[in-house]
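Reviewing the structure listed below.
The values are calculated or read from the model by the stated rules, or taken from the named source; none is laboratory data. None of the values given here were measured: they were computed from a predicted structure. FYI the Cβ positions are ideal-geometry reconstructions off the backbone, even for glycines, and counts take in every protein chain you see. Side chains are part of the model used for accessible areas, which takes the heavy atoms of the whole protein and leaves out ligands, DNA and RNA. Shrake-Rupley method; radii C 1.70, N 1.55, O 1.52, S 1.80 Å.
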Amino acid sequence: MSSGELPSSYDPVAAATRWSQAWAEADVDRADPARPGPAFSVVIPPPNVTGRLHMGHALNNTIQDVLVRYKRMDGFNVVWVPGTDHAGIATQWVVRRQLEAQGIDYRTLGREGFIEKVWAWKAETGGAIVSQLKRLGVSCDWSRERFTMDEALQKAVVEHFVRLHEQGLIYRAERLINWDPMDQTALSDLEVEYAKDARGQTKLEKGELFKFAYRFSDGSGEIVVATTRPETMLGDTAIAVHPDDERYKARIGQTVDHPFLDRKIPIVGDAILVDPAFGTGAVKVTPAHDFNDFAVGERHNLPKINILQPDGRLNDVAGPFAGLDRFEAREAVKAKLDELGLARGCDEHFLAIGRSQRSGAIVEPYLSTQWFVRMKPLAGPALAAVELGATKFHPKAWENLYYSWMRNIQDWCISRQLWWGHRIPAWTCDACGKIHVARQAPEACEGCGASALTQDPDTLDTWFSSALWPFSVFGWPDRTDDLDRYYPTSVLVTAFDIIFFWVARMMVAGIHFTGRPPFADVYIHALVRDENRQKMSKTKGNVVDPLDVIERTSADAFRFTLMLSCAQGRDILWDEKRVGDASRFVTKLWQALRYATMHAEGYDPSAPMAPSVYERWMEARTGAAVARVRDALDTYRFNDAAAEARAFVWDELCDWYIELTKPTLYREADPAHKNAVKHTLFQTLGAIARMLHPFMPMFTEELWHRLPSHAASGGGLVALAAYPKAEDFAIDAAVLDEVTWMQDTVTAVRNLRGEMELSPRVPLRLLVGDALLLARLGRHAGALEALAGVSLEAIAERPVGCATLVVRGAELLIPLEGVVDIAEELERLTKVIAKSAEDLDFLAKRLDNPDFIARAPADKVEELRDKVAAASARHEVLLRSQARLREAQ
RNA sequence: GGGCGGAUAGCUCAAGGGGAGAGCAGCGGCUUUACACGCCGUUGGUUGCAGGUUCGAAUCCUGUUCUGCCCACCA
C-alpha cells in the first residue's frame, strides 16, 4: 500500500474487511503442530449453538484473542480452537418451539425425524454466533472449528462413558433425582436454581406450613404434622419424631391410619431429620418425594411410594386424586383434610423453591432410574492438581470456590430424557433385560443370546461432552500429533459461573483420561453488568448488543474498552461513554501517524543519522513501556496493559516527543538529524503498532501498513511481526535524567503562565546567571522556545522584578516588566513558599524522629536526608527571591 | 446456617508497609502549521467506622457497618 497522503480519519469498516481477508490469505490463524516454537494452546469456551453474541462472549473472546495474538507474535506455536456446544435442552427447546409455531408437535415427528430437524436448523442458523465472533476480529483457527455433536466428538463421548462404566465409575440406579415436569427430564443438582428476593440476597419464597392430624390406628388420639407440601401425604410412609422428645417418645413403633388410603403408617424415631422445636415436632415422611425423607426411608427401611407421573400429575396411587396436577392436588388434599376435620391450621412460611435453570418449572424430587457418575474418587486428583499448583487460578481467590465444590462433591446424574444430544451407549436385551454398555451396538445379548436389544432412549447431560473439550478437539481418544503438541492447554479463559459446570468437570475428565490437568492456568474474568450494577438479561431489557457497539464505533475501540475495564476481581460496569474514550485514543494515534507521514519525504533509513538526546529518550521510554505492557500481560492484568500502552502513546510520544520534533522537522536542520528524528518517529510508531496489535488488531494493521518505513522494514503483516522486547531499546539513565530536567523546566514555566494567566503567545525571557547552568540549558534552547515560549539569556546582574522558578535547586528568573506587576508575583510566590514550607516541615519532622533514625532501614534514612536537603535548598532560594522582590517593590 | 469478595476523588478503577494515582466529569486558559475526538495549567481524598501491631498503615491484625456473590435437605 502506498503511504501517500493519509486520510484525516481512520475507516474501521474498510480496515475490518481488508485485514481479515489479508489474515485469512496469510493463514495467520492456522496452527501447525509441525512448526517450531513452544506451544501456546487455548480452547474456546464453546458458546451454545443457539446463542447470540453478548457482552460476556465479547469480553471472554477478546481476552483470549489478546493472549493468543501476543504469544503468536512472541514466537510461540499458537493454536486457538473455536467451536460450539450442542446444548441439549436449550437447542431442543428452540427447535421444538419453532416447530410449534408451524403447528407441528415435535413428538409426532418421532425421534429420528426431530433430530433431522435439529440438524437442519443448525445448518441454517446455528452458525450465527460464529460469524458474530469473527466480527470481533478474533484469530481462532477456523479450520479447526468443532461442534460437540461432531462424529469425532461423539466417539470421544462414547469412550468417556464406556471407560468410566468399565471402571465402575458410572452406574445406573433408582434414586431420587431433580425432575423437570415441563421438559420431562432429569436434571443435575447444578441445573436447579433458587429464586432470589428483591435484594437478591436470600432465596426464600413465601409459602405456607399446613398442619393436619393423623389418627392412631388404635384410636388413642392423634399426632399433628406440619408440611409445606400437603399433597405429598398421599405418599407418606412414616411419621418421624425425635427419639428424645417426651411428647412422642412412647409412640415410636405405633401406627396411624392414612385418612384416604388403605395404609398404616409407623411412627419412627429419627434424631437426624427431626428438630423438636420446629413445627409440631412430628414430620410426615415421603421418601419418594423429598431428599431428606428419602434418607429417612433408607435408615428405617420404609417403602418409597411414588405418587407422580412424569408430567407432574398424580398417578393411580393417589386414589381419588389421580389425574390432578400437583398444584391442584395440593388444594384438593387440603380441602379433603379440612372436610374430615383433620386440618389443624396453617402458618405463613418462607422456603427455598428449586426451579429448572432452563424451563423455570418448579423442580420435583422424583424417584427414577438414571445413570450417575461416582464423583468422589474422580475429584481427589483434580483437587490435588490445584492444591499442588499444577493448575493455577487467576485471580487465586477462585481456588476457594473450586475447593469447596470439589470437597463436597455429589454423584452426578448424567442421563436426560431428551432426544437431542449424545445417546447413551447402553442396550437392554428385550428378552432378559440385561443391560450392555458398549462402544457399538452388541450383536446379541451376553446373557441369553437373544439378538433383539434396544438402546437406552436417553441422552447425556451436555456438560458430559463439554468436559472432554480440551482434548476431544485434538482428536482424543486417538493419539494425534495435535494432542501431543497442544495438550495440556496453556490457559482457559472463562467466567466464574461455570467453574462447577465446566471447569471442575474438565479437570476431572482431563486428569482421569490423560493423567494431566487440561490447563496450566485458569483465568476467571468478570461479569459485564449495566451501569446500575445489574446483570444484563433479556427480561430486564438492559442488554447491550456488542455488534451494535462495534457498528457505532469500531471493533478496535470496543475491544480496547473491554481491556481497559478488565480489572481482576471486579465486575465491569458497562458505560458506552468509555467506548468514546477508546475511540478518541484511536483517533489520537491516527493523528500521530498522520504527523509522521507528513514528514516522510526525504527519509532514508540507510542515510546517516544524528540522533539527539530526545531521540535517545524516546527510544528509552519505548523500552520501558514495552517492559510494563509485557509484565501486565504476563500476569493477566489486561487493564494495566491497556492503560500503560495508552499512557505511553498519549503522554510520552504525542505530548512530548512529537512536540520536540517540530523545531527540527519544520525548520532547516542538519539532514542527518532530521533523518534520525523521522527514523525515531517511525520506529516508535512501529513498536506501538506491534505493542497494541493484540488489543486493536485491525487498527494496528492499518497503522503498520501506512508507516512510511513499512516497505523498508520488509513489509509483512503486523499480526506476524515480532512482539517488541524491552532489550531491543537502548536505555541510558543519563539521557532520561537530562530530558526529565528539561521537562521539569518547561512545566515550571507553563505552571507560571497558568497561574499568571499568561497566554502562550506572550514571549518570555528566561535568565540564567550561572554559566555552567546556561551551557547545559542551552542545549535545550529550541525545546524551551517551542514548548514553553521562553528564550534563554545570560545575565551578569540580576534585574529588578523577576519571577522565580526553582528547578532542581537552581534559580531561574523570568523578568516581569511589562507583563505582570510585582505584587502579583509576590502573591504567587507567597503561595509557593507556603507549600514549600509545608513540604519541608513534613519531611524534617520525620527526620527528627529518633526512632525513625534508629529503626528504619539505612537506605530509607538516606533517602529522606536527601529529600530534606533538596527541599531545604529550594525553600532557601524561594525565600531569598521573595526578599528581593519586596525590596524591588 | 456456612464460605468468599468489595468499600480509596463527583463517577469507574489503580496503588498490597515508606509523602494516595489515572481516565472521565469540574474549573481556568489556548482558533500553537497531527489531532477542539485537541493542547496547557489546575481544583478535588481523615482510603466505610473503631481499635491494635509498627519508627512508619490505604496496605498487616481484630472487631464492626454497609454491599455483592457462592454453597446448604430444615419439614
Considering each residue of segment A:718-743, count those that are of a type in the set (D, E, K, R) and either open to solvent by less than 20 Å² (accessible area, probe 1.4 Å) or not in a helix (DSSP H, G or I) (or both), and give that number. 2
Those residues of segment A:30-47 which are of a type outside the set (Gly, Ala, Ser) and open to solvent by 30 Å² or more (accessible area, probe 1.4 Å) amount to A:ARG30, A:ASP32, A:PRO33, A:ARG35, A:PRO36, A:PRO38
Which condition from (1) within 16 Å of RNA strand B (Cβ to nearest atom); (2) closer than 23 Å to A:PHE76 by Cα is the one that A:ASN532 breaks? (2)
What is the residue count in segment A:566-596 for residues that are part of a helix (DSSP H, G or I), open to solvent by less than 20 Å² (accessible area, probe 1.4 Å) and not aromatic (Phe, Trp, Tyr)? 7
Tell me yes or no: at least one residue of segment A:276-285 is part of a loop (DSSP other than H, G, I, E, B) and among the aromatic types (Phe, Trp, Tyr). yes
Filter pass, A:PRO611 being open to solvent by 10 Å² or more (accessible area, probe 1.4 Å), more than 30 Å from A:TRP398 (Cα to Cα), away from RNA strand B (no atom under 12 Å from the Cβ) and assigned to a loop (DSSP other than H, G, I, E, B): yes
Give me the residue from segment A:438-464 that is of a type in the set (A, V, I, L, M) and open to solvent by less than 30 Å² (accessible area, probe 1.4 Å) and, out of that set, farthest from A:PHE114 (Cα to Cα). A:ALA450
Which is outside any strand (DSSP E or B) and open to solvent by less than 60 Å² (accessible area, probe 1.4 Å), of A:ARG107, A:ARG111? A:ARG111
Residue ranges of helices (runs of 4 or more DSSP H) in segment A:614-717 with at least 2 members under 24 Å from the mean Cα position of the chain (by Cα), more than 13 Å from RNA strand B (Cβ to nearest atom) and surrounded by 21 or more Cβ atoms within 10 Å (Cβ to Cβ): A:671-692, A:697-706
Is it the case that some residue within segment A:809-831 is within 16 Å of RNA strand B (Cβ to nearest atom), in contact (Cβ under 8 Å) with a residue 40 or more places away in the chain and within 48 Å of the chain's Cα centre (by Cα)? no
Just the residues that are open to solvent by 10 Å² or more (accessible area, probe 1.4 Å) and modelled with pLDDT of 95 or more, please, taken from segment A:488-504. A:PRO488, A:SER490
Top-ranked residue in segment A:517-527 [being assigned to a loop (DSSP other than H, G, I, E, B) and within 19 Å of the chain's Cα centre (by Cα); ranked as surrounded by the fewest Cβ atoms within 10 Å (Cβ to Cβ)]: A:LEU527
Filter segment A:58-117 down to residues that are in contact with a His (Cβ under 9 Å, 6 or more places away or on another chain) and not hydroxyl-bearing (Ser, Thr, Tyr) and give me whichever is modelled with the lowest pLDDT. A:GLY88
Please work out if A:ALA786 is of a type in the set (A, V, I, L, M), under 30 Å from A:GLY623 (Cα atoms) and either open to solvent by less than 50 Å² (accessible area, probe 1.4 Å) or under 43 Å from the mean Cα position of the chain (by Cα) (or both). no
What pairs can you find where one residue is in segment A:274-294 and within 18 Å of A:THR255 (Cα to Cα) and among the acidic types (Asp, Glu), the other is more than 7 Å from RNA strand B (Cβ to nearest atom) and in a loop (DSSP other than H, G, I, E, B), and their Cβ atoms are less than 8 Å apart, with a gap of 6+ or different chains? A:ASP293/A:THR286; A:ASP293/A:PRO287
For segment A:265-304, which residues satisfy the criterion of being open to solvent by less than 50 Å² (accessible area, probe 1.4 Å), within 16 Å of RNA strand B (Cβ to nearest atom) and either of a type in the set (Val, Ile, Thr) or under 20 Å from A:ASP218 (Cα atoms) (or both)? A:ILE265, A:ILE267, A:VAL268, A:GLY269, A:VAL274, A:THR280, A:ALA282, A:VAL283, A:LYS284, A:VAL285, A:THR286, A:VAL296
Residue check, A:ASP859 within 47 Å of the chain's Cα centre (by Cα), in a helix (DSSP H, G or I) and more than 21 Å from A:VAL768 (Cα to Cα): yes
Within segment A:373-390, work out how many residues are in contact with a Phe, Trp or Tyr (Cβ under 6 Å, 6 or more places away or on another chain) and part of a loop (DSSP other than H, G, I, E, B). 1
Only one residue in A:LEU816, A:LEU812, A:LEU829 is closer than 30 Å to A:GLU738 by Cβ, modelled with pLDDT of 90 or more and not basic (Lys, Arg). Which one? A:LEU812
In this structure, is A:PRO259 open to solvent by less than 60 Å² (accessible area, probe 1.4 Å), in contact with a Leu (Cβ under 8 Å, 6 or more places away or on another chain) and under 18 Å from A:LEU367 (Cβ atoms)? no
Which numbered condition A:HIS512 fails, given (1) at pLDDT 90 or above; (2) within 18 Å of the chain's Cα centre (by Cα): (2)
Residues (over 18 Å from A:LEU133 (Cβ atoms) and either assigned to a helix (DSSP H, G or I) or open to solvent by less than 20 Å² (accessible area, probe 1.4 Å) (or both)) located in segment A:528-556: A:ASP530, A:ARG552
If you go through segment A:741-774 one residue at a time, how many are more than 14 Å from A:LEU787 (Cα to Cα) and of a type in the set (Val, Ile, Thr)? 1
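Residue by residue, here is whether (1) assigned to a helix (DSSP H, G or I); (2) more than 10 Å from RNA strand B (Cβ to nearest atom); (3) open to solvent by 90 Å² or more (accessible area, probe 1.4 Å) holds:
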residue: A:ASP839; (1), (2), (3): yes, no, no
residue: A:PHE842; (1), (2), (3): yes, no, yes
residue: A:ARG846; (1), (2), (3): yes, no, yes
residue: A:ASP851; (1), (2), (3): yes, no, yes
residue: A:ARG865; (1), (2), (3): yes, yes, yes
residue: A:LEU878; (1), (2), (3): yes, yes, no
Subset of segment A:746-783, residues open to solvent by less than 60 Å² (accessible area, probe 1.4 Å), away from RNA strand B (no atom under 14 Å from the Cβ) and within 20 Å of A:ILE822 (Cβ to Cβ), comes to A:LEU766, A:LEU767, A:GLY769
Hey, can you tell me all the residues within segment A:349-376 that are in contact with a Gly (Cβ under 8 Å, 6 or more places away or on another chain), open to solvent by 60 Å² or more (accessible area, probe 1.4 Å) and within 16 Å of RNA strand B (Cβ to nearest atom)? A:PHE350
